[in-house]
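Visitor: Here's a structure for you.
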Amino acid sequence: MPVTVIPSKPVPAELSGTFRFIDIGVNLTDAVFHGIHHGKKKHEDDFEAVLDRSRLAGVQSMIITGGSLRESKTALSLAAQHGFFATVGCHPTRSKEFDEYPGGPEAYLQALDSLISANLHGKGRVVAIGECGLGMSRCCMMSVCKSLRSSDYDRTHFAPEDVQRRHFRSQLFLAKKYKLPLFLHSRAAHKDFVNILRDEGFGEDGERKGVVHSFTGTVEEVVELMDMGFHISVNGCSLKTEQNLLTAKAIRPDKILLETDAPWCSMTSTHASNTLLETLPASLKSKYFPSSTKLPSFTMGKPVKGRNEPSAIGGVAWVIHRLNEGVPFEKVTEKAHKNTIQLFGLDELQVA
């Protein structure tokens, strides 16, 4: 069923005010932010330029995703250097690392445990356990968004189902031990995903639980997860199809979070969200989607075409705003901002 948005009044050409964001899922550890694409140096390191553009777009802070033990260490280092935050955990498609680690799974889990305990306070601290969960790898590879749902645990050649389930459970132990929220991944594995969470004591609403990020599931699935107490985070891949838009529209205001999953999950002209993005005022478009250049013609100070950046989080928020006709853009952004601070305990970012 198509999602049709009929404006109650014309969208203003300009919007006044400051719209602030916290990107709750960004892969700043990826080498493409340093000019390395597919293992080869293609252009100058423009990491700082990416951060500059994010600040101009109103990105107040970010939570850098840790997808493995090694990546979590890098995420924490970057977070400390730039005053951001990080997650610590192992992505389901990398869960074989537990078994392959010197000393085995217990040693890998202990290494994650030690990393968390050493980084619980101050700038650059760990604020969530993950990325952990079940299912295939990232749904987007640069500007190409894939949302495969043909069978459970798509791409299990990265890690078999039983391996994913076993090491998902072990990371839930860390969340309970440190009383930290979860940064969760679920792709084409909803039934097993929620069963494990409930079995491990995460099925009742009340205490803070965490967020299912980069959500691409159904309306029924998102309702179940919210009823279990989880927040839901959306990015470009969460808004690709008409069905995705229906699901995004079903997210309750008290459960919505925003992310980019940069450098993945770009918003493209082929996505269902594009019709709504076309109503984005020029004053905001220039901040969220500044003019880019193709890789061979890289220009320092301009984004690389096809590489998602944290500045695009404003576009994600705009689509959520347009799906909830009548709700002001600032109300959408501020609700997501408040939810993020409350879930992850980012009290220092709260501005009266």
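Visitor: Can you tell me which residue within region 169-195, out of those that are among the aromatic types (Phe, Trp, Tyr) and buried (at least 24 other Cβ atoms within 10 Å of the Cβ), is farthest from Thr87 (Cα to Cα)?
Guide: Just the residues of region 169-195 that are among the aromatic types (Phe, Trp, Tyr), to begin with: 173, 178, 183, 193.
Those left that are additionally buried (at least 24 other Cβ atoms within 10 Å of the Cβ): 183, 193.
Details: Phe183: 7, Phe193: 20 Å.
Checked region 169-195; the qualifying residue farthest from Thr87 (Cα to Cα) is Phe193.
Visitor: Of Trp264, Trp318, which residue is closer than 30 Å to Leu182 by Cα and outside any helix (DSSP H, G or I)? So that I can check it myself, show each step before the final result.
Guide: Details: Trp318 fails: outside any helix (DSSP H, G or I).
Just one listed residue meets the conditions, Trp264.
Visitor: What residue, among those in region 196-210 that are open to solvent by 80 Å² or more (accessible area, probe 1.4 Å) and either in contact with a Leu (Cβ under 8 Å, 6 or more places away or on another chain) or not acidic (Asp, Glu) (or both), is modelled with the highest pLDDT? Quick ask: steps written out before the conclusion?
Guide: Filtering region 196-210 for residues open to solvent by 80 Å² or more (accessible area, probe 1.4 Å) gives 198-199, 204-205, 207-208.
Next, from what is left, pick out any that are either in contact with a Leu (Cβ under 8 Å, 6 or more places away or on another chain) or not acidic (Asp, Glu) (or both): 198, 208.
On the way: Arg198: 95, Arg208: 70.
It comes out as Arg198.
Visitor: Which is over 29 Å from Thr241 (Cα atoms) and modelled with pLDDT under 95, of Lys40, Lys9, Lys73? Quick ask: steps written out before the conclusion?
Guide: On the way: Lys9 fails: over 29 Å from Thr241 (Cα atoms); Lys73 fails: modelled with pLDDT under 95.
Exactly one of Lys40, Lys9, Lys73 is over 29 Å from Thr241 (Cα atoms) and modelled with pLDDT under 95, namely Lys40.
Visitor: Among the candidates Tyr101, Tyr108, which residue alone is among the aromatic types (Phe, Trp, Tyr), modelled with pLDDT of 95 or more and touching a Cys at 6+ places or on another chain (Cβ under 9 Å)?
Guide: On the way: Tyr101 fails: touching a Cys at 6+ places or on another chain (Cβ under 9 Å).
One residue alone meets the criteria, Tyr108.
Visitor: Here's a follow-up. Any idea how many residues of region 226-243 are open to solvent by 10 Å² or more (accessible area, probe 1.4 Å), more than 14 Å from Arg208 (Cβ to Cβ) and not polar (S, T, N, Q)? Talk me through it step by step, then tell me what you get.
Guide: Step one: filter region 226-243 for residues open to solvent by 10 Å² or more (accessible area, probe 1.4 Å), giving 227, 231, 240-243.
Of the ones still in play, those that are also more than 14 Å from Arg208 (Cβ to Cβ) are 227, 240-243.
Of the ones still in play, those that are also not polar (S, T, N, Q) are 227, 240, 242.
Final tally of qualifying residues: 3.
Visitor: So, one more: Take the residues in region 84-121 that are aliphatic (A, V, I, L, M) and part of a helix (DSSP H, G or I); name whichever of them is surrounded by the most Cβ atoms within 10 Å (Cβ to Cβ).
Guide: Step one: filter region 84-121 for residues aliphatic (A, V, I, L, M), giving 86, 88, 107, 109, 111-112, 115-116, 118, 120.
From what's left, part of a helix (DSSP H, G or I): 107, 109, 111-112, 115-116.
Working: Ala107: 12, Leu109: 19, Ala111: 18, Leu112: 24, Leu115: 19, Ile116: 22.
Out of the qualifying residues, it is Leu112.
Visitor: Give the residues of region 157-168 that are open to solvent by 80 Å² or more (accessible area, probe 1.4 Å) and part of a helix (DSSP H, G or I), sorted by residue number. Steps first, please.
Guide: Residues of region 157-168 open to solvent by 80 Å² or more (accessible area, probe 1.4 Å): 157-158, 166.
Across region 157-168, the qualifying residue is only Arg166.
Visitor: Are any of the residues in region 60-83 open to solvent by 10 Å² or more (accessible area, probe 1.4 Å), over 25 Å from Arg20 (Cβ atoms) and among the acidic types (Asp, Glu)?
Guide: Yes, region 60-83 has at least one match.
The values are calculated or read from the model by the stated rules, or taken from the named source; none is laboratory data. Since we're looking at a predicted model, the values are computed, not measured. Positions of Cβ are generated from backbone atoms using ideal geometry, with glycine treated the same way; all protein chains shown enter the neighbour counts. To get the accessible areas, we keep the full protein, side chains included, count just its heavy atoms, and leave off ligands, DNA and RNA. Shrake-Rupley method; radii C 1.70, N 1.55, O 1.52, S 1.80 Å.
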